[in-house]
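A short worksheet on the structure shown next.
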Amino acid sequence: MSIDALFSPAKFGALSLPNRIVMPALTRMRAVPDGVPQQISAKYYAQRASAGLIITEATAISVQGHGYPQMPGIHTPEQIAGWRRVTDAVHARDGRIVLQIVHHGRWSHSSYNPDGSLPVAPSAIAPPGSAYTPSFTQAPYEVPRALETNELQLIVASFRQAARNAREAGFDGVEIHGANGFLLDQFLQDGSNHRTDAYGGTIENRARLLLEVVDGIATDIGAERTAVRLSPHGNLGGLSDSDTVPHFSYVIGELGTRNLAYLHMIEPRASSIGLADDASIDSANNAMLFRRLFAGPLITAGGYTTQMGVDVVTAGLADAVAFGRMFIANPDLPERIRTGAGLNAFDRSTAYGGGAHGYTDYPTLPLDREVAIA
Ligand SMILES: Cc1cc2nc3c(=O)[nH]c(=O)nc-3n(C[C@H](O)[C@H](O)[C@H](O)COP(=O)(O)O)c2cc1C
């Protein structure tokens, strides 16, 4: 099967992709101070502008939505201005970039809230393990406060404001983070959602918050610029669901009626990849299980090699493939894939936090132009 499968153009809603090699959201913890992306992040993303599409690192919709040290936000004028530098730099290199927006929910810590209040969640159930506080020290996760029903519209409003802010910052669209154990995923999966109101119980109820967020953002910025990321079978943050396939079939079927820019699904084998390098090869295949339920553009992610990416697109199980760690280590990944050049190895020790090392100093192919950004 030919590598050309990854190099045909694609139309994802309002986004025109020159190739099907996507840079997925990758948290790098370098937005200091105050969750504001700095000039170095403009350089980092611009170096990767040859991706068919860049999806930014997860970015907090509100103060309450933060949960990692030095993660960016999109809720202050300074953060919007910081992101504007990034989108300008990417667009100057003919790239396309959408903002991944997130609320951490229970996967946060009271030290992120200026008033020291507890993280919020669908139900008062603590995730396992320890949080990283803003100063990178570790503290056990707390039992979160269950959100009141009347607070949920504030969450929807914060997501909508974040999406409007993203457009103001020059983004081509937003990807709503419904995956990997964060707030919207906490609502979807019944291990973390024990609510008895209209947002808990049946899958129709548990999906309600996500769908309200999707519909609100689509109203504000257009469905053709609105996308969703999901991780069916994902267990990050201690999530679990009693009957994954029928439950996520409902969610994906609903999303399929909404003319979204795209749906992005993570394969369960990649659940631990943010924290470790191993991938479980014998877990369920979401692209195979759910593709038939979603007629719009579909991105698949999680442990893909180039050949696996070619195969999944050629088989019609996805329209594009996201390569996470490969994009961190190879700014010119599409060119390397196209020419069969070797790949730089990913260095996990520089993934989170720090400065230029492991961020903007991965080498490009010798003949490639150096990104020139003042
Ligand atoms: C350092 C690192 C940070 C990540 N941050 C995010 C994130 O902010 N949002 C998200 O949805 N996924 C995140 N992920 C998951 C990736 O988007 C991707 O799904 C995962 O790395 C599997 O793809 P890969 O095998 O090609 O690396 C992260 C992964 C890594 C390695």
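The values are calculated or read from the model by the stated rules, or taken from the named source; none is laboratory data. What you are looking at is a predicted structure, and each value in this text was computed from that prediction instead of being measured. Every residue, glycine as well, gets a Cβ built from its backbone with ideal geometry; the counts of neighbours run over all protein chains shown. These area figures cover heavy atoms from the full protein model, side chains too; ligands, DNA and RNA do not enter into them. Shrake-Rupley method; radii C 1.70, N 1.55, O 1.52, S 1.80 Å.
Here are a few things to note about the model shown:
- Over region 134-227, accessible surface divided per residue gives 36 Å², non-protein components excluded, 1.4 Å probe.
- Prolate/oblate/rounded label for region 217-277 (Cα gyration tensor, a/c 1.5): oblate
- Surface/4 estimate of mean projected area, convex hull on alpha-carbon atoms of region 1-92, nm²: 6.9 nm²
- Beta-bridge orientation, region 3-350: approximately 15 percent antiparallel, per DSSP, counting only bridges with both partners inside.
- Split the accessible area of region 70-142 by element, probe 1.4 Å, and carbon with sulfur accounts for 55%.
- Computed [θ] at 222 nm, deg cm²/dmol, the chain (DSSP H ≥ 4; -39,500 (n - 2.57); rounded to nearest 500): -8000 deg cm²/dmol
- Calculated P(r) tail over 35 Å for the chain, as whole % of Cα pairs: 17 percent
- Averaged over residues, the count of other Cβ atoms within 10 Å places the peptides 124-130, 321-327 in the sequence 321-327, 124-130, highest first.
- Gyration tensor (alpha-carbon) shape descriptor, region 85-223, a/c threshold 1.5: oblate
- For peptides 259-271, 206-218, sequence by mean Cβ density within 10 Å, most packed first: 259-271, 206-218
- For the pair Leu343 and Thr149, the difference between a 0.36 nm per residue extended length and the Cα-Cα distance amounts to 64.9 nm.
- Computed magnitude of the charge dipole of the chain (debye, nearest 20; Cβ of K, R +1, Cβ of D, E -1): 520 debye
- In region 3-350, a dipole from Cβ-located charges (positive for Lys and Arg, negative for Asp and Glu) runs towards its positive end, and of Pro33, Ala139, Ser240 it is Pro33 whose Cα lies farthest in that direction.
- Highest average first, the peptides 60-73, 96-109 ordered by how many other beta carbon atoms sit within 10 Å of their residues are 96-109, 60-73.
- For the chain, complete DSSP H runs whose alpha carbons reach 20 Å or more along their own long axis and whose mean Kyte-Doolittle score is -1.0 or higher are 77-92, 152-168.
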